[in-house]
Every structure is written in structure tokens, then in C-alpha cells.
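Engineer: Below is a structure I'd like to ask you about.
The values are calculated or read from the model by the stated rules, or taken from the named source; none is laboratory data. What you are looking at is a predicted structure, and each value in this text was computed from that prediction instead of being measured. Because the Cβ atoms are built from the backbone with ideal geometry, glycine has one as well, and the counts that use them run over all protein chains shown. Protein only, heavy atoms only, side chains kept; ligands, DNA and RNA dropped before computing areas. Shrake-Rupley method; radii C 1.70, N 1.55, O 1.52, S 1.80 Å.
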Amino acid sequence: MDAAAVIETENLTKLYGHQTAVDRLTLTVGEGEIFGFLGPNGAGKTTTLLMLLGLTEPTAGRVRVMGLDPARDPIRVKSRVGYLQENMGFYADLDARQMLRFVAELNGIAGRQAEERIAAALEAVGLAEEGRKKIAAFSRGMRQRLGIAELLIKDARLAFLDEPTLGLDPDATVRIMEMIMGLARERGMTIVLSSHQLNQVQKICDRVGIMIKGRMVAQGPMDQLAREKFGVGPEEFSLEEVYMKYFLEA
Amino acid sequence: MAALTAICKKELADHFSSYRFVILFALIAMVSLISAYMVGVQIREAQGQLKPKFVFLMLFTEPGAMFSLVQFVAFFGPLVGLILGFDSINRERNEGTLSKLLAQPIFRDAVINGKFLAGLVLISVMMGSILMVITGLGLALVGIVPGAEEIWRVLIYLVVSVVYIAFWLGVAILFSIVFRSTATSALAALAVWIFFSFFVTIGIGILAGALAGSPSSDPLVAQQKAEILRAAALVSPMELYSDATAAIIDPMRKSTRTRLTAGPLEAISMTRFSGPLPLGQSILIVMPYLISLVAITAICFAVSYTVFMRQEIRSL
Ligand SMILES: Nc1ncnc2c1ncn2[C@@H]1O[C@H](COP(=O)(O)OP(=O)(O)OP(=O)(O)O)[C@@H](O)[C@H]1O
Ligand SMILES: [Mg+2]
């Protein structure tokens, strides 16, 4: 067992009725890593993230997140793990500050410490001016940034980002991706991110995993996956081609 | 604990700024004020002719226009609880905020408890302020100054009513957990309410009639029938509530049931015929009903917890 492993799963399986959403997944993610989670719609990415968070009960297999079992020790896991979900899920009636304050309170952070963190987080994601604006009036890009501010509030050591660039324009996409990169490089946050934007993933991820129909068909640094499929060096491949090759073979 | 407070606080803020609450409150305040006003006017006109004991309580128990405040709360209170809670969990699930909430380091039951607690505060504020306004109205209109005993009775009535409405809130929260769609849980809540308000009362009568045979002068049969009625009424929260409040706020009332049901209460009903029930006796009568109400609310909660703990929370 890797000492620096933040996430370890062994034959993790989830069945919905007779349908296998995740099939015997064995995965390791190391500290400070940015792990790209790829796969077509319905591959089981979100399901996997939910199991890692302890929000969905695995049917079989073993999970360790920061050495803890999320099903047994959900509170300790969730106090260190941030989650930016697919559909974001904000209380639209609250303004940005109220939302962050609520998250802070749920994490047991209150008073001055909370206010300081809120101000710093809003500043860091470029929403300092929008603190009193209702979330209902936020654009998609702003909402994603607010989601990242939540991770900063609770000072997550590990973050699950489910399609953080979904529906964003190219400029906003780059902005979010840079922020994510900053979280990992400057704060040492471990990041697992699922995305369909392969060129962005290629730019920022250290390793990727490709999941198809619940099975992880490939896992590792991108150049290694490229070499396995095409026998080319790290400079001359695109993740898109590698991904399509795995996809067509599966 | 911090999480519970945070959720409760946020829910309260949501409620107080929602049209749902404003409309509900306005409706209840309007109806109860009008009915209390009518009673007040009647009492004023009747003054001098008769001087009943517990004039103050008559503000709550006398049907002014159509129904008394107590009847109104018995009938409409459940709807308040149901309206406050029918979408508490499933709306969050559908909007995707539930998984955000539960991705924070909190226990799942904190969500249910926080929402219930907020509703409880709201119901107490609603009922409390209405009772206070009616008291003020009584003072201004007829110059009724409530005695200490009457104040106690109204306070106990307040507690019983809050527990009663909170039970329905618990039912509504359970429905909001079980049903994914808010429309479905609203409909289910409505169905339960109609079932208990109309069918159970009618159904119990029919049932007792069928079980005890045709009406006869045989006191034994009549007694049997009455006992069936009494037992069956215990499963209906409305009946529990009416019996409890009748004893507490209407001490002049002869009996809520036929004389034959008396059984253990025989001694008490004897005194009832001669004069009002003393406060201590009233409390003794109310206690079992109150405990039953709390117990069925607790059952409701136990079911909510077990369902919610194991439930898939994704909005899909
Ligand atoms: N609550 C549920 N009940 C039954 N089946 C479900 C449920 N949630 C997900 N599934 C199924 O599990 C499989 C995996 O879904 P999941 O959401 O994890 O995919 P995904 O990789 O996140 O896809 P996407 O890229 O579209 O977000 C899908 O086939 C889906 O239909
Ligand atoms: Mg998904």
C-alpha cells in the first residue's frame, strides 16, 4: 500500500438493480495529484465519486479515502473532502456570501474565522464584487467559481470535481482549469476531476483513468497510455485520439 | 449540533421570507380574528343577562360565525403542518442541493431534525401570536381579563396545538422523503388529511354500528359500541386532539362523549355535571392524549430516519 495514497479502492462495485454502474474498480490516487476521470455518459464516473464521498453505498469492494472508510466514518471524510457536483446545487435565493457562510457553519467554522475565509475565498475566485448578489443571478461560470470558493472555505485536502467545465465558454473553461491547477500546485490539494473536455484534461492532469461501462479500461500517466496504444512519445499524441481508441476497442 | 443550528436557522429564514408562510399566516390570522371578534360581540351583548364562568375561554370555544377557533385549528392545523413540510426533502433533492448539503460533514438526521425544528418554531410563533392577539381583542372588546387559571389553560392549549400541528409536519416530512416528486407528496399529504378528517370519523361510526349490532336499548350493547368508538378514535390524531382540547379549554362542557364511555373517568364526569373541571383534573385528562400525539410523531420520525439513512440521494 502506497503511504502517500489519498484514495485507494479495491474491486469497488455498485449495482443499481441488475445494472452494474461501477464494475470492480481498483484505483489509487496519490497526494497532490490531479487525476482526470474520463468516460462516456453513463460510464459510472459520478457514481464512483459518490461512493468515494460516502454518499452512495458500494455494493461490494473496499474504499479508503485518506485512510478512512467513507461509509463508516463519513463525518471525518467529508470534513476534509470537497465536492463540486455535476448540477452544482446552489440555494438560488441566497447570495454568494450567505451560501459560503452556510457552508462554513456546516463545517463548524463560525465568527471571524468564517468571515475572513469567505472574503479570502471570494477574492481568490474573482467574485469579491459579487458577494451580495443572489446566486439566481449568477452565470454558469460564476457558479462554478463559487463552487470552488466552497472548497476553499472548508480548506479541503481532496476535491472531487464532477464536470467543472460543463457548459462553460472557452474563456471561462480556461479560467476554471487554471484555478484548479492552482489548487493543486499552490495549496497541495489532491484533485479528481471528471470531464469530457479532453484537451483541457490533457493540459492539467498528471494521470488519467478511462472508464467505459463501469470498467476502468486504462489508468496511468497520459504519455504511457499513448505509448501503449500508438507507440509514440509524449510530444506527439492527443488525448482525444487515445481516448477514442480505447472507446472503440471497448 | 452546529450543523443542526445552521440548518434550522437557514430554514427559518427561508420560511419567513416565503410567500407560502405569509399567505398561510394571513389566512389563519384572518379567520381566527373574525371568529374571535364575533364571539366577543356576542358575549358583550349577552353581558348582564348571564355571567358564565370562564368567559375568557369562550373566546376560543364558542362558535362565533360558523366555527370556534378550537374547531378551526383542529380542522385546519393539519393543513398548516402539511403545507410547511410536504416538499422539505424532495425539493432539495430535485434541485441538487441535498447532495451538496450531505457532502458537508453532517449527519443525515441533522437535516431532518433541522427542518422539523424550524417548522416547530414557526408553528409556535404562529399559534402563539394568534392566541395573544385574540386575548388582546377580548380585553379591548369586552374588557375580559383572564384569570390565572384561564391563562394556564390557554398555555396548555397552545402546547397541545403545537404538538398536534407538529405531528402533521412530521408526516409531511416523511412524505417528502418517500416521494421524489413534490406534487406526489403534496397529493399524498392531502389524501391523508382528508382521510382522517372525514372518513375516519364517519368510518368509525359505521364500524361501531356494524360491530355492536343495531341500536338497542340494552345498555351493555350501547356500552360496547361506545368503547369501540373510543378505542378507534385513538388512532385518529384529530380525535386525540379534539378530546385533549375539549378537556383543557372547555371545562364547562359536560362531556365529549356519551355518558357510558366514562369508565375510569366516571368520577370526573360526575363532577363535570355539577361544575367546571378543576385545572389539575383537566391536565390529568390531557396528558395521555398529549403523550399519544408525541408518540405517533416519534414513530413518524423513526420511519423517516430509517428511510432517509439508506436512501440514494442523487437527484437523478
Ligand atoms: N439512482 C439510480 N438508479 C438506477 N440507475 C442509476 C442511478 N444513478 C445512476 N444510474 C446508472 O448508473 C450508470 C452510471 O451513471 P453515472 O451517473 O455514474 O455516469 P457518469 O459517468 O457520471 O455519466 P455522465 O458523463 O453522463 O455524467 C448509468 O448507467 C446510470 O443509468
Ligand atoms: Mg456524471
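Engineer: Based on this model, can you work out whether B:L174 counts as under 24 Å from the mean Cα position of the chain (by Cα) and in contact (Cβ under 8 Å) with a residue 60 or more places away in the chain? Working first, answer last.
Structural biologist: Working: under 24 Å from the mean Cα position of the chain (by Cα): yes; in contact (Cβ under 8 Å) with a residue 60 or more places away in the chain: yes.
Yes; evaluated as a whole, the condition is true for this residue.
Engineer: Sticking with this structure for a sec: For B:A74, are the conditions met, namely being assigned to a helix (DSSP H, G or I) and out of contact with any Phe, Trp or Tyr (no Cβ under 9 Å at 6 or more places or on another chain)? Break it down into steps so the answer makes sense when it comes.
Structural biologist: On the way: assigned to a helix (DSSP H, G or I): yes; out of contact with any Phe, Trp or Tyr (no Cβ under 9 Å at 6 or more places or on another chain): no.
Considered against the rule, which asks whether it is assigned to a helix (DSSP H, G or I) and out of contact with any Phe, Trp or Tyr (no Cβ under 9 Å at 6 or more places or on another chain), B:A74 comes out as no.
Engineer: Now a separate question. Residues that are open to solvent by 30 Å² or more (accessible area, probe 1.4 Å) and modelled with pLDDT of 70 or more, at least 2 per element: which helices (runs of 4 or more DSSP H) completely within region B:207-312 meet that?
Structural biologist: Working: elements: B:219-233, B:237-249, B:266-274, B:279-309.
Passing ranges, in order: B:219-233, B:237-249, B:279-309.
Engineer: Give the number of residues within region A:118-172 that are within 16 Å of the chain's Cα centre (by Cα) and part of a helix (DSSP H, G or I).
Structural biologist: Count: 10.
Engineer: Might you let me know whether region A:89-104 holds any residue that is within 14 Å of ligand 2 (Cβ to nearest atom), modelled with pLDDT under 95, within 30 Å of B:R91 (Cβ to Cβ) and touching a Leu at 6+ places or on another chain (Cβ under 6 Å)?
Structural biologist: Narrowing region A:89-104 to residues within 14 Å of ligand 2 (Cβ to nearest atom): A:89.
Subsequent filtering for residues that are modelled with pLDDT under 95 retains A:89.
So of that shortlist, the ones also within 30 Å of B:R91 (Cβ to Cβ) come out as A:89.
Keeping just the survivors that are touching a Leu at 6+ places or on another chain (Cβ under 6 Å) gives none.
Checked region A:89-104: no residue is within 14 Å of ligand 2 (Cβ to nearest atom), modelled with pLDDT under 95, within 30 Å of B:R91 (Cβ to Cβ) and touching a Leu at 6+ places or on another chain (Cβ under 6 Å).
Engineer: Please determine whether any residue of region A:27-38 is open to solvent by less than 20 Å² (accessible area, probe 1.4 Å) and within 13 Å of ligand 2 (Cβ to nearest atom).
Structural biologist: yes
Engineer: With A:E130, A:E163, A:E186 as the choices, which residue is crowded, with 18+ Cβ neighbours inside 10 Å and closer than 28 Å to A:L239 by Cβ? Spell out how you get there, then give the answer.
Structural biologist: Details: A:E130 fails: closer than 28 Å to A:L239 by Cβ; A:E186 fails: crowded, with 18+ Cβ neighbours inside 10 Å.
From the options A:E130, A:E163, A:E186, the qualifying one is A:E163.
Engineer: Kindly indicate whether any position in region B:64-83 is more than 14 Å from chain A (Cβ to nearest Cβ), closer than 30 Å to B:I313 by Cα and touching a Lys or Arg at 6+ places or on another chain (Cβ under 8 Å). I'd like the intermediate steps shown before the answer.
Structural biologist: Applying the first criterion (more than 14 Å from chain A (Cβ to nearest Cβ)) to region B:64-83 yields B:64-83.
Now drop any that are not closer than 30 Å to B:I313 by Cα, which leaves B:78-83.
Within this subset, residues satisfying the condition of being touching a Lys or Arg at 6+ places or on another chain (Cβ under 8 Å) are B:83.
Checking region B:64-83: at least one residue is more than 14 Å from chain A (Cβ to nearest Cβ), closer than 30 Å to B:I313 by Cα and touching a Lys or Arg at 6+ places or on another chain (Cβ under 8 Å).
Engineer: Hey, among A:E150, A:E178, A:E163, which residue is within 16 Å of ligand 2 (Cβ to nearest atom) and at pLDDT 90 or above?
Structural biologist: Details: A:E150 fails: within 16 Å of ligand 2 (Cβ to nearest atom); A:E178 fails: within 16 Å of ligand 2 (Cβ to nearest atom).
One residue alone meets the criteria, A:E163.
Engineer: Cβ contacts < 8 Å: first residue within 11 Å of another protein chain (Cβ to nearest Cβ), restricted to region A:147-171; second residue of a type in the set (K, R) and away from ligand 1 (no atom under 16 Å from the Cβ), any location; separation 6+ or different chain. Result?
Structural biologist: A:I153/A:R117; A:A156/A:R80
Engineer: Among the residues of region A:55-65, count how many are within 13 Å of chain B (Cβ to nearest Cβ) and open to solvent by 20 Å² or more (accessible area, probe 1.4 Å). Reasoning before the result, please.
Structural biologist: Just the residues of region A:55-65 that are within 13 Å of chain B (Cβ to nearest Cβ), to begin with: A:55-59, A:65.
Filter again for open to solvent by 20 Å² or more (accessible area, probe 1.4 Å), leaving A:57-59.
Residues meeting the conditions: 3.
Engineer: Further question on the same structure: Please enumerate the residues belonging to region B:118-131 that are out of contact with any His (no Cβ under 6 Å at 6 or more places or on another chain) and either at pLDDT below 90 or surrounded by 18 or more Cβ atoms within 10 Å (Cβ to Cβ) (or both).
Structural biologist: B:A118, B:G119, B:L120, B:I123, B:M126, B:M127, B:I130, B:L131
Engineer: Next question, about the same structure. Residues of region A:166-180 being farther than 19 Å from A:Y83 by Cβ and surrounded by fewer than 20 Cβ atoms within 10 Å (Cβ to Cβ), which ones?
Structural biologist: Of region A:166-180, the ones farther than 19 Å from A:Y83 by Cβ are A:169-175, A:178.
Answer for region A:166-180, where residues must be farther than 19 Å from A:Y83 by Cβ and surrounded by fewer than 20 Cβ atoms within 10 Å (Cβ to Cβ): A:D169, A:P170, A:D171, A:A172, A:V174, A:R175, A:E178.
Engineer: Let me ask you something else. Exactly one of these conditions fails for A:Q202: (1) over 22 Å from A:E86 (Cβ atoms); (2) assigned to a helix (DSSP H, G or I). Give me its number.
Structural biologist: Against the list (1) over 22 Å from A:E86 (Cβ atoms); (2) assigned to a helix (DSSP H, G or I), A:Q202 comes up short only on (1).
Engineer: Could you tell me whether any residue of region A:26-38 is more than 12 Å from the chain's Cα centre (by Cα) and either near ligand 1 (Cβ under 8 Å from one of its atoms) or within 12 Å of chain B (Cβ to nearest Cβ) (or both)?
Structural biologist: no
Engineer: Return the residues of region B:94-112 that are crowded, with 18+ Cβ neighbours inside 10 Å, part of a helix (DSSP H, G or I) and facing chain A (nearest Cβ under 7 Å); say none if nothing qualifies.
Structural biologist: B:T97, B:S99, B:K100, B:L102
Engineer: Here is a further query. Could you please tell me which pairs satisfy a Cβ distance under 6 Å, a separation of 6+ or placement on different chains, a first residue in region B:1-27 that is at the interface with another protein chain (Cβ under 8 Å from one of its Cβ atoms), and a second residue that is in a helix (DSSP H, G or I)?
Structural biologist: B:A3/A:L106; B:A3/B:A110; B:A6/A:E105; B:A6/A:L106; B:I7/B:G114; B:K10/A:F102
Engineer: Being within 13 Å of ligand 1 (Cβ to nearest atom), small (G, A, S), closer than 25 Å to A:R143 by Cα and surrounded by 17 or more Cβ atoms within 10 Å (Cβ to Cβ), is that true of even one residue in region A:77-91?
Structural biologist: No: zero hits.
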